[in-house]
Amino acid sequence: MPKSRRAKLVSLTKVSKKTKEQKGAFINEVQENADKWQYCWLFEVGNMRNSHLKTVRNLWKDSARIFFGRGAVMAKALGATPEEEHKPGLHKIAQQLKGQVGLFFTNSSPDEVTEWFADFHPPDFARSGNKASRTFIIPAGPIMQQHSDPPEPFPHNEEPQLRKLGLHTTMVRGVPTLEAPHTVCKEGKTLTPEQAQLLKLIGVKMISFKVGLRAYWTAETGVVTQIEVEQVVEEKEGGEDEDAAMSD
């Protein structure tokens, strides 16, 4: 007996795959930038947020070009072996294109680039799986939102959400209130979904968006210089990062 058409499952989340033409155009674009700029940097992103990466793009839009994500395609564009490399030395960058990494083409000096990125680490809200950067305790009394300056008490209609996230609240003159201090998280401990959501609701930022510069290629010499810097990608026990396979 044939299957009923009513039982057929239809996916509503189909995403069109990149065509060979699109990949070819992307490869050509990367290679054109390798021909245009004096330096090609390999960078790694910690606590990825598209909004912060877009900020970097905007601030450097007149003096750099950024490609992020699609590492295998970028590696193919640069050439992963001495025989395949687009320009001398680029295979050493291509071989490191793994994980949340990207390419940063510019004519700015290495000193200027490293100094700029060392100062760029905007704070952001943690996600489930991140580790708490400090211990945070909500004191007894009205629960305050820290999004505003000065902080303001939560409105009465937020109490059900606060209770859902583990707070034992009571209403005092229409304001959600704690009778005793509540420890939301402890420094170094992995955040649960509830803890991360509560921190965001209150307005406490626990992480920073960071760009780690790993190496740079110099067009004039073909030399790749490795950069020894702190690790910026935090190992997470859960949660997912935003998809940011994109170029400017």
FRET efficiency estimate (nearest 0.05) - Cβ-Cβ, T192 to L59, R0 35 angstrom: 0.50
Net charge, K98 excluded, C-beta distance under 13 Å - Lys, Arg +1, Asp, Glu -1: +1
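Rounded to the nearest angstrom and ordered from largest down, what semi-axes does the equivalent ellipsoid of segment 41-98 get from its C-alpha gyration tensor (root of 5λ)?
25, 13, 8
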Surrounding net charge for R163, when Lys and Arg each add one and Asp and Glu each subtract one, Cβ distance under 15 Å: -3
Paramagnetic reach from Q31 (point 7 Å along Cα→Cβ, amide N under 16 Å) across segment 51-91: 73-91
Potential lengthening between E112 and K87 on full extension [0.36 nm per residue; Cα-Cα distance subtracted]: 6.6 nm
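Quick note: the coordinates plus some simple rules give every number you see, no bench work behind them. The model shown is predicted, which means the values in this text are computed figures rather than measured ones. Positions of Cβ are generated from backbone atoms using ideal geometry, with glycine treated the same way; all protein chains shown enter the neighbour counts.
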